[in-house]
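Accompanying notes for the structure given below.
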Amino acid sequence: MAERMSILLTVNGAEVAREVPVRMTLADFLRHELELTGTHLGCEHGVCGACTVLVDGRAVRSCLMLAVQADGASVETVEGMAAEGGRLTPLQQAFVDHHGLQCGFCTPGVLATLRELLATHPDPSEADVREWLSGNICRCTGYQGIVDAALAAAKALRDGAPS
Amino acid sequence: MQLENSFDVPVPPADAWRILTDVERVAPCVPGAALTEVIDAETYAGRMQVKLGPVSLAFEGKAAFVERDDAAHTARLSASGREARNRGSANADVRFALVPNGGGTTVRIVTDLQLSGPVAQYGRSQGIIASVSEEMIGRFAQCLRENILANGASAPRPAEAASGLSIGFGALLRLVRHFVARLFGRA
Amino acid sequence: MKPPPFSYHRPQSISDALEMLATLDDAKLLAGGQSLMPMMNFRYVMPANVIDINRIADLARIEETEDTLVIGAMARQRDLELSPVVRRRCPLLYEALRNVGHVQTRNRGTIGGSLAHLDPAAELPAALHALDATLRVQGKRGSRAVAMANWSMGFMTPNLEPDEMLTAVVIPHWPKGHGYGFAEFARRHGDFAMAGAAALMTLAADGTVARLALAATGVDTGPVRLAEAEDMLRGKMPDDATIAAAAATASSVPGLDDVHASKEYRRKLAVVMSRRALMTARARASGKEAADG
């Protein structure tokens with residue numbers, strides 16, 4: 001019926017109302033409509049993970065969702081992770097401390113994935129972390145720094161650091 | 001890639017040859033094919049729709065007999081087509097040979113198929129293209145046996161060949177049978 | 001790498017969706033999108049109409065009856081993976097799900113989508129084939145039940161008319177304590193299987209195989225039951241040699257040739273994966289493996 005559609009959703013805590021082409025992916029919506037270019041495009045067919053964002057708390061491939069499908073949903077991107085005043089979350093801080101990124105291209109997708117992991121698994125094992133990361137391709141780090149950061153962040157959160 | 005297929009028909013090679021080389025007559029039996037122009041005695045233009053799972057491909061192009069031996073019942077057909085929605089192209093070099101088989105004929109087909117562009121990536125596997133072509137040749141043979149060879153009358157041109165668009169193979173077979181049977185007043 | 005233009009539809013009920021399927025030309029159902037969206041992004045598939053069924057709540061239920069598990073077609077793979085009911089009644093499905101893509105794809109991907117897409121190397125169709133699942137299909141003209149054995153009509157072509165949709169998967173229970181195993185080989189965890197096998201087994205009091213099901217993926221245009229292997233093992237003691245001999249019959253599968261693996265290699269993998277799945281199933285059937293925590 002429609003070539004364009006009005007959608008209303010929450011992005012990083014703020015309400016967003018837009019009219020979009022129905023064929024626009026969520027990734028392109030975030031990047032072009034909302035200028036939240038932290039979410040990256042690597043493959044556009046769901047295998048690299050660079051486009052991963054959180055939709056209703058779940059890590060999903062934004063290149064494989066249509067923007068219109070996010071109507072009524074709550075979307076979180078990397079831009080929404082830092083707290084008031086730019087204070088980094090324990091996860092982001094752990095990335096800084098443990099060299100969890102180099103070029104940073106995969107990082108927003110990795111952070112989205114790990115955010116869901118840490119929200120659902122307060123005490124993940126290294127195997128858990130690696131299992132979850134298997135859906136995010138990182139060409140730079142060899143993953144070790146990312147794994148260390150994830151485990152450190154999990155511990156920090158368990159010790160009461162505000163998320 | 002190389003594809004090898006064969007099928008049997010219940011008439012002797014000379015009769016089978018006559019029918020099979022009458023392209024206008026047998027084209028309606030090729031699943032998804034539509035003959036659009038007879039360019040000359042050896043060359044034909046047409047469209048071919050093929051469904052590889054959820055992907056519907058529509059090729060437009062030409063086929064020509066580059067070799068033909070009416071005595072030995074062998075022929076070589078060269079076909080090429082471009083995909084209608086810019087998804088690549090296909091080139092096929094097809095060799096036919098008819099050999100006697102009891103009172104009937106075995107038709108042997110060896111196809112050298114070259115795909116380029118996106119269509120070459122999709123289909124992902126020789127096995128899949130081979131199984132789709134096997135299915136198509138099976139249906140062609142069935143159509144031939146049931147209609148053209150059964151009553152010997154010339155087959156009227158159907159409105160459009162069964163294209164297989166969004167229909168499962170089983171359902172398509174039923175559709176082809178029903179459709180062609182209707183042409184012969186047998187539905 | 002962007003989808004071409006299409007008309008978008010969002011039915012709120014199964015009957016709305018069926019009405020759309022019956023009346024719209026060149027339409028595709030959009031379920032989890034993890035298979036359809038890549039094809040649309042590549043422009044391999046260019047439907048004129050996309051029918052988004054993600055808002056139909058009725059399609060996502062998981063229901064346990066005395067004899068079966070009824071899973072709505074839109075149940076997310078991740079929800080099934082986390083479901084205690086699935087883990088308890090159908091642990092083979094749980095184990096197969098662990099091999100399907102990644103958490104991020106399972107968060108959206110659905111069981112129905114995997115079945116309707118029917119990739120030759122998908123894990124769920126093979127597991128459901130071993131489970132002898134029945135698929136509920138609905139069209140405007142009525143509904144029907146399709147046995148898994150009759151589901152694949154050829155390469156990525158399920159037994160679905162253009163105006164029909166899969167609405168539920170019905171899985172008959174195997175008895176408590178049954179053995180199960182899923183083994184696949186892929187280059188990376190989460191990739192489609194080059195070949196994989198799903199096994200289910202129960203043992204009689206004398207230790208012989210009472211009931212057995214074995215299915216393979218990645219070796220033909222659709223999932224296959226390895227009936228020869230099943231026949232060889234039924235009624236026999238499943239010692240290592242007998243299992244190996246049964247698994248060896250898997251080499252008769254057609255195999256698939258592509259850039260990832262040759263036909264011959266896949267046949268070899270089918271044998272190895274069958275053996276591993278059977279060994280695991282045996283261990284579990286005889287209680288020798290601790291229940292998964």
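A short reminder: the numbers here are calculations on the coordinates, not readings from a lab. Just so we're clear, the structure is a prediction, and the values are computed from it rather than from any experiment. Note that each Cβ is placed from the backbone with ideal geometry, even for glycine, and that neighbours are counted across all protein chains shown.
Brief remarks follow.
- Neighbouring partner chain Cβ atoms per residue of A:133-139, average, 10 Å criterion: 3
- Divide the volume of the convex hull around the Cα atoms of chain C by the residue count and you get 125 Å³ per residue.
- When the trypsin sites (Lys or Arg not before Pro) in segment C:119-152 are filtered for DSSP coil states and for at most 11 other beta-carbon atoms within 10 Å of their beta-carbon, the remaining sites are C:141.
- Dividing the mean sequence gap of close Cα pairs (under 8 Å, 6+ apart) by how many residues segment B:1-133 holds gives a relative contact order of 26 percent.
- A simple charge model with +1 on the Cβ of Lys and Arg, -1 on the Cβ of Asp and Glu and nothing else charged puts the dipole of segment A:4-80 at about 220 debye relative to its Cα centre.
- Each residue of segment C:225-233 is assigned a 3J(HN,Hα), and the resulting list reads 8, 8, 4, 4, 5, 4, 4, 5, 8 Hz, derived from the Karplus form 6.51 cos²θ - 1.76 cosθ + 1.60 (θ = phi - 60°), x at Gly and Pro.
- Given B:51/C:2; C:28/C:268; C:2/C:28; C:268/C:288; C:176/C:288; B:51/C:263, the pairs whose alpha carbons are separated by over 25 Å: C:28/C:268; C:268/C:288
- Positive dipole terminus of the protein assembly as shown, leading residue within C:278, A:10, C:170 (C-beta point charges): C:278
- Average other protein chain Cβ within 10 Å of Cβ, residues C:157-163: 5
- Packing order of peptides A:18-30, A:131-143, highest average first: A:18-30, A:131-143 (average count of other Cβ atoms within 10 Å over each peptide's residues).
- Relative contact order [Cα under 8 Å, 6+ residues apart], segment C:1-63, whole percent: 52 percent
- 10 Å Cβ neighbours from other chains, averaged over peptide C:64-74: 0
- Projected-area average for the protein assembly as shown over all orientations - Cα convex hull basis, square nanometres: 32.0 nm²
- Sequence-ordered 3J(HN,Hα) estimates for segment C:151-162 from the Karplus curve with 6.51, -1.76 and 1.60 and θ = phi - 60° stand at 7, 7, 9, x, 3, 6, 10, x, 6, 9, 6, x Hz, glycine and proline given as x.
- Working from label points 7 Å from Cα in the Cα-to-Cβ sense, the residue B:21 to residue C:240 distance is 6.5 nm.
- Rounded to the nearest 20 debye, dipole of the protein assembly as shown from Cβ charges on Lys, Arg, Asp, Glu: 540 debye
- Mean Kyte hydropathy of -1.0 or more with a Cα span along the axis of at least 24 Å, helices from DSSP in chain C: C:263-285
- Between A:69, A:105, A:36, the Cα set farthest toward the positive side of the dipole of chain A (charges on each charged residue's Cβ, about the Cα centre) is that of A:105.
- Ranked by the mean number of other Cβ atoms within 10 Å of their residues, highest first, the peptides B:31-41, C:123-133, A:118-128 come out as C:123-133, B:31-41, A:118-128.
- Rounded to the nearest 20 debye, dipole of segment C:86-141 from Cβ charges on Lys, Arg, Asp, Glu: 360 debye
- Here the label points at residue B:64 and residue B:40, each 7 Å from Cα along the C-beta direction, are separated by 0.7 nm in the simple model.
- The H on the amide N of residue C:258, modeled in the peptide plane, is under 5 Å from the matching H of C:263, each at least 5 residues off or on a different chain.
- Spin-label model distance (nm) - residue C:57 vs residue C:265, 7 Å beyond Cα toward Cβ: 4.9 nm
- Using C-alpha pairs below 8 Å separated by at least 6 residues, the relative contact order for chain C is 16 percent.
- The aspartates and glutamates within cross-link reach of residue C:140, meaning a Cα-to-Cα straight distance under 13 Å and a gap of 8 or more places when in the same chain, are C:16, C:19, C:161, C:163, C:164.
- As a rough guide to protection, the peptides B:73-83, C:23-33 ranked by mean Cβ packing within 10 Å, highest first, stand as C:23-33, B:73-83.
- Structure-based [θ]222 nm, chain C - -39500 (n - 2.57) summed over DSSP H runs of at least 4, per residue, nearest 500: -8500 deg cm²/dmol
- Between segment C:115-182 and segment A:86-135, the Cα center-to-center distance that results, in Å: 37 Å
- Efficiency of FRET between residue A:32 and residue C:19 - r from beta-carbon atoms, R0 30 angstrom, step 0.05: 0.30
- For segment A:120-163, the fraction of alpha-carbon pairs in successive 5 Å shells from zero, as %: 5, 22, 31, 22, 14, 6, 1
- Of the residues C:62, C:138, C:118, the one whose Cα sits farthest towards the positive end of the charge dipole of segment C:58-172 is C:62 (charges of +1 on Lys and Arg Cβ, -1 on Asp and Glu Cβ, taken about the Cα centre).
- Cα centroid separation - segment C:240-279 against segment B:1-65, whole Å: 37 Å
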